[in-house]
1. Could you derive backbone 3J(HN,Hα) for segment 15-32 from the dihedral phi with the Karplus parameters 6.51, -1.76 and 1.60 (θ = phi - 60°), listing whole Hz in sequence and x where the residue is Gly or Pro?
2. May I ask you to list the GluC sites (Glu not before Pro) in segment 36-139 that are in a DSSP loop and have at most 10 other Cβ atoms within 10 Å of their Cβ?
3. Suppose R0 equals 30 Å. What FRET efficiency, 1/(1 + (r/R0)^6) with r the Cβ-Cβ distance, do M151 and L5 give to the nearest 0.05?
4. Principal axis lengths of segment 65-170 from Cα atoms, whole Å, largest first?
5. Show that you can apply the helix-only estimate: for the chain, add -39,500 (n - 2.57) for every DSSP H stretch of four or more residues, divide by all residues, and state [θ] at 222 nm to the nearest 500.
6. What is the Cα radius of gyration of segment 1-62 over 2.2 N^0.38 Å, N being its residue count?
7. Mind listing P(r) for the chain? All alpha-carbon pairs, 10 Å bins, whole percents.
8. How big is the dipole moment of the chain about its Cα centre under a simple scheme where the beta carbon of each Lys and Arg is +1, that of each Asp and Glu is -1, and everything else is neutral? Debye, nearest 20, please.
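Rule-based calculations on the coordinates, nothing more; no lab input. Predicted model, so just to flag it, every value in this text is computed and none were measured. Here the Cβ positions follow ideal geometry from the backbone for every residue, glycine too, while neighbour counts run over all protein chains shown.
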Amino acid sequence: MPPRLPPLPDDQWDDRTREVLAALLPRRMRNAEAAGNAMSTLVRHPDLTAAFLPFSTYLLVGSTLPERLRELVVLRVARRRDCAYEWAHHVLAAQQCGLTEAEIEAAGQGKADDPLESTVLRAVDELEDGSDMSDGTWAALAEHLDERQLMDLVFTVGTYALMATAFNTFGIRPEHDARERAERRRARDH
């Protein structure tokens, strides 16, 4: 099924379109191909993207939440929300911060061997199920995370849930889906 909002074609990008991606992407990547499907779709609404990207970029690269925990959170949200785009991109990010394939798959299922990581995943489930966290989960997390990290955790869950909702609704697919289909087609035709 084609996306409801396809990526903006490169020939329709202007200076404003490129400018709104400055919070996240270096100049050389501010084009339709390098920016990827999500950013190339979001730039259809430059004002919204300009407002949203600095905040989401903070959660991705400036958050006080340790990156391993952040990636567990995002993976769990992506799996719960069935967001192929988030899942694909954050599997790569999770691998880069040391998670194994087994840990990544377990996180998607809400499971972890480490007690803190297990509690983080439980927090995601509670926030997704009821827009709140139980006192017990909060207290267990507070034994390991300071108040800023706890706040960043809650905002990370909410923000990635919002992005999953937008990506799913707009029909944003991972870039590798299109590449893989093209490669299969080329292999079949030769």
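1. Per-residue couplings from phi come out as 4, 5, 4, 5, 4, 5, 8, 4, 5, 10, 10, x, 3, 5, 9, 8, 8, 4 Hz.
2. Values: sites: E67, E71, E86, E101, E103, E105, E117, E126, E128; in loops: none.
Answer by residue number: there is no such site.
3. FRET efficiency, M151 to L5: 0.45.
4. So the extents along the principal axes, rounded to whole Å, are 36, 28, 21.
5. Dividing the helical sum by the residues of the chain leaves -21000 deg cm²/dmol.
6. Here the answer is 1.06, to two decimals.
7. Once binned at 10 Å, the Cα pair distances of the chain give 9, 33, 33, 18, 5, 1, 0.
8. Rounded to the nearest 20 debye, it is 940 debye.
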